[in-house]
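Right, one structure below, let's go through it.
Here, each number is a calculation from the coordinates, and none is a lab measurement. Predicted model only: the values in this text are computed from it and were never measured. Please note: Cβ atoms are built from the backbone with ideal geometry, for glycine as well, and neighbour counts cover all protein chains shown.
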Amino acid sequence: MRSGAAAGPDGERHVALGERLREERTERGISLRELARRLDVSPSLVSQIETGKIQPSVRTLYAMVSELGVSLDEVFDGGAAAKSGAVQIDRAAGPVQRAAARAVIDLEAGVRWERLTTENERDVEFLFTVYPPGSESSAGDALVRHTGREYGVVLSGRLGVTVGFEDYELGPGDSISFDSTVPHRLHNEGDETVEAIWVVVGRQR
C-alpha cells in the first residue's frame, strides 16, 4: 500500500476517509482489534487506514463498509445525512454535479473514485473511476465480492477485468456488466491511465 498522506487537498481527503471509517467503527462499539479480526487483516493495517497513513485498496474499503454496515455515500458525505435518510443536494447546482465539485475518495496505488451524483442515491453507486498504470482493485489472489450488480464503460486506456475464472480487456467504448457476488477484480497492466464510469446497483450494507 502507498504510505504517507499527501499534503494539501488530497491529504485532507485521505485523512477524512480514515476519520469517517473510525467514527463509524467507534459508534458501533467495535474495537479496532475486533474489526481487524472480522476483516482478517492486522490491527496495524486498520489503524494506519484510520489515521490516513495509508489508503485502503478497493477490496479493503468494500470489506470495511460492509462489515460496518454503511454505504459509500456515508463515507463520501461523512455519514450524518446518509444515516438520517436525508438527501444530500447541492442547492446551487440542483441535480447537476459539477466536475470540479465532485466528492473524491483516493485509494491504494492511485485508484480514484469521484461520485457523480449530488445526492445520496439509495442502492446506487455512480462513479467516475481512475486506475493509473499498475493499479488494481485487489491482488490477483484476493478478488472482491459483494452484493449487487456492476455496470462499467471504459472512457480511455485499457482495463483488465476478471470475473470468476474469465479475464477480459476493455478498451475505450467497451462496457461490461456482471453479478457482484461473483469474485472480480479490475486492473490496469498497461502504460496509460484508465478512466471509466462505474455503477453498482443494489449493494446492501
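Key figures for this structure:
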read-out: Residues with amide H under 5 Å from that of GLN55, placed H, sequence gap 5 or more; value: ARG2
read-out: Prolate/oblate/rounded call for segment 9-201, Cα gyration tensor, a/c under 1.5 rounded; value: oblate
read-out: Proxy reagent accessibility, fewest Cβ within 10 Å first, across ASP179, ASP191, ASP106; value: ASP191, ASP179, ASP106
